[in-house]
Amino acid sequence: QKGDFYALDRASGEVLWRVELGSVSSKPLVSEGRIYVGTDDGSLVCLSALDGSVKWRYATKGPVLEVPVVSGDLVLFANEADHVFALDRRNGKFRWQYKSDTPEEYTLRGHSGVAIIDDNLIAAGFSNGNLVALRTGSGSVAWITSLAGGNEQFVDVDSTPVLVDGTLFASSSAAGVFAVDATTGRIKWRLPVASAGPVVSDGQLLYFLAAGEGVFAADLTGNVVWRQGTEGGGEAGPPVVSGSYLFYSLSEAGMFIVDKSTGTVRQYFDPGFGVSAPPTVADSELFVLSNGAVLYGMGLRGF
């Protein structure tokens, strides 16, 4: 039923509990017996993982589409209105807020999530093309770096930054994928791939999808290692890397599993309606929600 949030038994798919939250597009965060989940009407909700009871709810003025993070006694999250919030994770009380300037012209749907750099710094991207590092304790700005690459339109940094060995990797829709020093904000390199989506990494390679271009793997110095075409497959969801494989979804073609070192397709799953949601891999199991509103659980043993 639309608006219900479910907890299911992982082995059987049996419904353990459900709670009405309204429309949810974000992936939840589970931490220390609590679930933190953003809603499309702009709230961050804290639930008990045991029974789904609502511990607290904090309302904002923009959809919360990305997973929050926990740092110390704070839960931190961003919304589509270009705000970052820090709340007391125990009771949901406001600690601080950062507001970025939003362009007057059209921006792309979606927004960056928050990435933890260390105990004192977090980073997030914004629709004006900026990547910003904020001090966790106060929300003050440590540095701001533009990833617009000289472009004026569709410069949105909707990619949640990924931290690898002191370097942040993020994408700007108009300008491509960037490597940025996490301490200073200095740009180390740029890979100019238009419409690059969210970046993920296994610590050795970077992986991302670009509309009309396909799925890419690049090394940590910005060299493309392989590319796999996705023409005609529809809109791509965020990729997921686990073990030896990269998993990604296409809104019309379904879900694909590729060898992360070569890009060779090893398997795909088409439930008939396509898949827009990113899959979840846990141990040797795979879970994916189809566009037909069916949740599938699959084993990966011997794959």
For this session: Go through the range 16-41 and give me each residue that's of a type in the set (D, E, K, R) and farther than 18 Å from Ala59 by Cβ.
Result: Arg18, Lys27, Glu32, Arg34
For this session: Collect the residues in the range 194-212 that are part of a loop (DSSP other than H, G, I, E, B) and either surrounded by fewer than 17 Cβ atoms within 10 Å (Cβ to Cβ) or among the polar types (S, T, N, Q) (or both), keeping them in residue-number order.
Result: Ala194, Ser195, Asp202, Gly203, Gln204, Ala211, Gly212
Problem set entry | Hits in the range 231-266 - residues which are over 17 Å from Ala210 (Cβ atoms) and of a type in the set (S, T, N, Q) | Ser242, Ser244, Ser261, Thr262, Thr264
For this session: Name the strands (runs of 3 or more DSSP E) wholly inside the range 81-193 in which the number of residues that are out of contact with any Ser or Thr (no Cβ under 7 Å at 6 or more places or on another chain) and surrounded by fewer than 23 Cβ atoms within 10 Å (Cβ to Cβ) is 1 or more.
Result: 83-88, 94-99, 130-135, 141-146, 162-164, 167-172, 176-181, 187-191
For this session: Determine, yes or no, whether Ala115 is at pLDDT 95 or above, in contact with a His (Cβ under 8 Å, 6 or more places away or on another chain) and among the aliphatic types (A, V, I, L, M).
Result: no
For this session: Look at Leu16 and say whether it is more than 17 Å from the chain's Cα centre (by Cα), of a type outside the set (D, E, K, R) and surrounded by fewer than 17 Cβ atoms within 10 Å (Cβ to Cβ).
Result: yes
Problem set entry | Wholly enclosed strands (runs of 3 or more DSSP E) of the range 258-303 bearing at least 1 residues touching a residue at least 12 places away in the same chain (Cβ under 8 Å) and surrounded by fewer than 14 Cβ atoms within 10 Å (Cβ to Cβ) | 265-269, 280-282, 295-299
Problem set entry | Test: residue in the range 55-76 that is within 19 Å of Phe94 (Cβ to Cβ), of a type in the set (A, V, I, L, M, F, W, C) and assigned to a loop (DSSP other than H, G, I, E, B) | yes
Exercise. Is it the case that Ser249 is exposed (fewer than 14 other Cβ atoms within 10 Å of the Cβ) and in contact (Cβ under 8 Å) with a residue 12 or more places away in the chain?
Worked result: no
Exercise. Does Ser242 meet the test of being touching a residue at least 24 places away in the same chain (Cβ under 8 Å) and open to solvent by 30 Å² or more (accessible area, probe 1.4 Å)?
Worked result: yes
Exercise. Touching a residue at least 40 places away in the same chain (Cβ under 8 Å) and at negative phi: does that describe Val199?
Worked result: yes
Problem set entry | Exclusive hit being modelled with pLDDT under 95 and open to solvent by 20 Å² or more (accessible area, probe 1.4 Å), set Ala11, Ala49, Ala59 | Ala11
Exercise. Failed condition for Asp181, given (1) at pLDDT 95 or above; (2) among the acidic types (Asp, Glu); (3) under 20 Å from the mean Cα position of the chain (by Cα), with all others met?
Worked result: (3)
Seminar exercise, completed: Apart from one, (1) over 25 Å from Leu121 (Cα atoms); (2) assigned to a strand (DSSP E or B); (3) open to solvent by less than 20 Å² (accessible area, probe 1.4 Å) all hold for Gly233; the odd one out is (2)
Problem set entry | the range 213-230, residues that are at pLDDT below 95, open to solvent by 40 Å² or more (accessible area, probe 1.4 Å) and β-branched (Val, Ile, Thr) | none
Problem set entry | Per-region count, the range 1-46, residues in a strand (DSSP E or B) and within 17 Å of Leu295 (Cα to Cα) | 9
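The values are calculated or read from the model by the stated rules, or taken from the named source; none is laboratory data. Bear in mind the structure is a predicted one, so any value in this text is a computation, not a measurement. With ideal geometry, Cβ positions are generated from the backbone for all residues, glycine too; neighbour counts draw on all protein chains shown. Areas reflect the complete protein model, heavy atoms only, side chains present, ligands, DNA and RNA absent. Shrake-Rupley method; radii C 1.70, N 1.55, O 1.52, S 1.80 Å.
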